[in-house]
Amino acid sequence: MRRSPRDNALSQRHLTRRGLLTAGVQAAILGGLALRMRFLQVQQADQFRFLAEENRINIRLIPPARGEIFDRTGRIIARNVPSYRITMTREEAGDPETVLTRLAQIVTLDPEETAAALEEMRRRRGDTPVTVAERITWEELSRVAVNAPALPGVTPEVGLSRAYPLGLDFTHVVGYVGPVSDYDLNRIENPDQLLRLPRFQIGKVGVEAREEARLRGKAGVKRVEVNAAGRVMRELDRKEGNPGSDLQLTIDHMLQNYVQARLGEESAAAVVIDTETGDLLAIASSPTFDPNLFVNGISTTDYNALLENDHRPLVAKSVQGLYPPGSTFKMVTALAALDNDIITTEDTYNCKGFLEVHSNRFHCWKRAGHGNVNLARSLRESCDVFYYELALETGIENISAMARQLGIGAGYDIPMSAVKAGVAPTKSWKLRTKGAEWVVGDSVNAAIGQGFVLASPLELAVMTARIASGRAITPRLLKSVDGVEQPSGAGQPLGLNENHLRTVRKAMFDVSNHTRGTAFSSRIVAPGFRMAGKTGTSQVRRITEAERRRGVSRNEDLPWERRDHALFVDFAPFDDPKIAVAVVVEHGGGGSTAAAPIARDITLQALYGDDPPLAAYPAKDRARIKAQQARLRQLRPPPPEDRPTRA
C-alpha cells in the first residue's frame, strides 16, 4: 500500500527531528570531552607534570653540620668527623632480606645489626632509610657504590659523626651525643624531621643536650632523580641549611685536664671559679669515662661496668652531688650572727668538748674542747661548740637566709645535666618536706653544716667566691655563641658589712697559714699567692654514745662507704682574690688530710697557669710534689692540631 504524500512529509519531519537531537547529544558529548581535555592538558598540566615527576624525583633532607664546642683558649673539645655508613629503604629494596644477602657478599655485616635493621624497617614507614651498617671503611663504601645496580634501595652515605678529642676530661661537662631513640622521639612534641633520619645524633647529656637547639642547626633539602629501582641517578638541585652554632666554654682545657688528673680515681669533684667574672675555669668529677663510647651506642658490657662501679662515674658530682657541707658552712653561720648583731668579733664561748641541749649532747670534734673561743679562732681551729651556741641565739631562719644570700640552695642554670639545688632548710621547709616540726637540735646541727643542710661542690665554690669578692657572683659556663660574648656573672654587691667579711676572710687565711689552723699543712708559701680556706668533714653515719665511750672509730678502719666526706674551700691570692676552689672527696675521711692537699695543688696550678715552682710549696712537700708533677704531666693532652675553626 502506497503512503500518501502527507504521511511521507510527516515521517520525514520526525526523522529530521531525531537526527538533530542525536547530533546535538553527540556534539554535547564531544564538546564536553574537548573541554575536559583542554582542562587537563592546559590548566592542570603543571599538577600532572609534578605528579609524574614525583614518581622519579625524591626530596631529601640534608643534615646540617653540628656546631662545635671549644674551650676558653679556642681548643676544640667536641668536633665533627666523617662517618661512612650504608642505609636501605624498604620500598625501594622490594625484598630487603634478599638485598641484604647480596650486600653481605660485598661488605661484612654484623648479624645483630642486620636483624635490628630488618626489625626497624618493619616498624618504620617504607620510605624511611634505615642504617644497616655503620663505621665502615672507605674501601667498603666504594665497593657498595660500584655494585649499586644489583642493590636496589641501598645507599652508601658519607655523613658526620661526633668525636671528643680530649676524651675523659670533659665528659661530665660537655656530655655526648648518640643516635635518636624511640624514647627521644616520644618525649619531644612535634619532633624535627631531622630526628627521623637514620642514626641522626642528638645530645644526650651535658652541654650537648642542654644546648641541642643551638648546636643542631637547620636542615637543607635536595631534589634527586631516581630510576625505577629507586637508585639515585643525579642531583637536580639543593638548598643548603644552616649549620649549628659554635659554642665556646669558659673552661680552660689545660686546667681541666690537671684537675681531672689530680682527682685521679677518687670519688670526688672539684670546681674552680673566677671571683671577678663568675667564669667556671674547671669543673670536674671523678672517676670519669670516655664519651666516645656512647656516640654510636655503647656495648652492654661497657655500660654495665659503669653502672656497677660504686664510685658512680656516670654522675656529674660537681653539680648533681649534694653533700652536707660540714665545717665549710661555718662561715655562713658566722656571717648570719654578725649581720644580725648576735655577736661581735671579740665575743667568746667556752668549749668543753660538747654542748648539752635539752638533755642531748652535741659534741665537738676535739674531745677535750677548745676552751674560750672567739670567732676568729673558732674558724681557724673549727670549733663546733662555738657554732652550736651561735645557732641557739641566731636561729635557723637567719642562718638559712644568709646561706641563700651566699649561694646555697640556688641550683644555678648552667648548661649541664641535672644541676641540683642544695638545701638551706627552714622551719616551713621541714614541715612541708618532712611533715614534722622544727626542733632546736635541727638548728644546732645545721650551724655546722650537718643535719638537713646540703650543698653541691658548685654551690660551695660560689659561696667562697662571694665571700672573697663581696659580690653576688653567678657561675658562667658559656663564654660565647658564634663569637658573641655571653653575659658576665660578676654580679652586684651583696650588701654585707665589709668589716664582717674582712673578719671572716682573715680567719680563713689563718686556717691555712696559722700554725694551729686546720689546713696549715696544705698552705701555700709563695709570697703573693697565699690562700684563705676552710676545711670540712661531714658525717655519713651516726656515732652512738656507746661508740664515743669506747672511742670513735677512725675513718681508715671503716668500710669505704661509711667513711666521712672530706671537703675544702679556698680563695686566692688572699690580698687580691682571683679564683675560688671547692673540693669534695666522697668518703675521703678528714677535710684537712684528703681534700685540702688537692685544693691547694689545684689553686696553685690555676694561679700559675702551669706547674708552679716547687718553692710555692712547704719544704716537706717538695719531693712528693716533684714526683706528682712528673706523673701528672704524662696525662696532659697533646698539642692542638693546626686546624681552622668554623666562623
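The values are calculated or read from the model by the stated rules, or taken from the named source; none is laboratory data. Model, not experiment: these values are computed from the prediction. With ideal geometry, Cβ positions are generated from the backbone for all residues, glycine too; neighbour counts draw on all protein chains shown.
Here is how the numbers come out for the structure above:
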item	result
Residue match in the range 462-482 (condition: in contact (Cβ under 8 Å) with a residue 24 or more places away in the chain, crowded, with 24+ Cβ neighbours inside 10 Å, assigned by TED's automatic domain parsing to the domain that holds Pro324 and over 21 Å from Val569 (Cα atoms))	no
Residues satisfying the stated conditions in the range 121-150, i.e. touching a strand residue (DSSP E or B) at 6+ places or on another chain (Cβ under 9 Å), under 11 Å from Thr89 (Cα atoms) and not β-branched (Val, Ile, Thr)	Met121, Arg124, Asp127, Pro129
Complete set of residues in the range 58-91 that are among the charged types (D, E, K, R), within 26 Å of Thr155 (Cα to Cα) and touching a Pro at 6+ places or on another chain (Cβ under 6 Å)	Arg90
Filter pass, Ala305 being outside any helix (DSSP H, G or I), within 40 Å of the chain's Cα centre (by Cα) and either modelled with pLDDT under 95 or on the phi > 0 side of the Ramachandran plot (or both)	no
Total residues in the range 504-525, condition assigned to a loop (DSSP other than H, G, I, E, B) and surrounded by fewer than 19 Cβ atoms within 10 Å (Cβ to Cβ)	4
Pair list, Cβ under 6 Å, 6 or more apart: the range 233-255 residue exposed (fewer than 13 other Cβ atoms within 10 Å of the Cβ), other residue not basic (Lys, Arg)	Met233/Glu225; Met233/Asn227; Arg234/Glu225; Glu235/Val224; Lys239/Gly220; Lys239/Val221; Glu240/Gly220; Asn242/Gly217
Strands (runs of 3 or more DSSP E) within the range 345-450 that include 1 or more residues modelled with pLDDT of 95 or more	348-351, 371-374
Candidate set from the range 563-578 (those that are crowded, with 23+ Cβ neighbours inside 10 Å and more than 27 Å from the chain's Cα centre (by Cα)); member that is farthest from Ile524 (Cα to Cα)	Arg563
Any hit, the range 430-451, residues being on the phi > 0 side of the Ramachandran plot, surrounded by 20 or more Cβ atoms within 10 Å (Cβ to Cβ) and either of a type outside the set (Asp, Glu) or not assigned by TED's automatic domain parsing to the domain that holds Tyr412 (or both)	yes
Qualifying position, being farther than 19 Å from Ala261 by Cα and either modelled with pLDDT of 95 or more or part of a helix (DSSP H, G or I) (or both), among Lys626, Lys620	Lys620
Answer residue from the range 278-302, given it is assigned to a loop (DSSP other than H, G, I, E, B) and in contact with a strand residue (DSSP E or B) (Cβ under 7 Å, 6 or more places away or on another chain) and is farthest from Glu586 (Cα to Cα) among those	Asn296
Some residue of the range 176-193 being at pLDDT 90 or above, in contact with a Phe, Trp or Tyr (Cβ under 9 Å, 6 or more places away or on another chain) and under 29 Å from Gly321 (Cβ atoms)	yes
Criterion (at pLDDT below 95 and farther than 30 Å from Leu249 by Cα) met by exactly one of Arg516, Arg542	Arg542
Extreme residue, modelled with the highest pLDDT, among residues of the range 217-237 that are under 22 Å from Asp192 (Cβ atoms) and assigned to a strand (DSSP E or B)	Lys218
Residue list for the range 355-394, filter: surrounded by fewer than 18 Cβ atoms within 10 Å (Cβ to Cβ) and either touching a His at 6+ places or on another chain (Cβ under 9 Å) or acidic (Asp, Glu) (or both)	Glu356, Glu393
The lone exception for Gly411 - which of (1) farther than 28 Å from Gly495 by Cβ; (2) small (Gly, Ala, Ser); (3) within 21 Å of the chain's Cα centre (by Cα) it fails	(1)
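To keep it simple, each residue is scored yes or no on (1) closer than 27 Å to Gly203 by Cα; (2) charged (D, E, K, R).
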{"position": "Arg125", "(1), (2)": "yes, yes"}
{"position": "Val132", "(1), (2)": "yes, no"}
{"position": "Glu140", "(1), (2)": "no, yes"}
{"position": "Arg143", "(1), (2)": "no, yes"}
{"position": "Val146", "(1), (2)": "no, no"}
{"position": "Ala150", "(1), (2)": "no, no"}
{"position": "Ala163", "(1), (2)": "yes, no"}
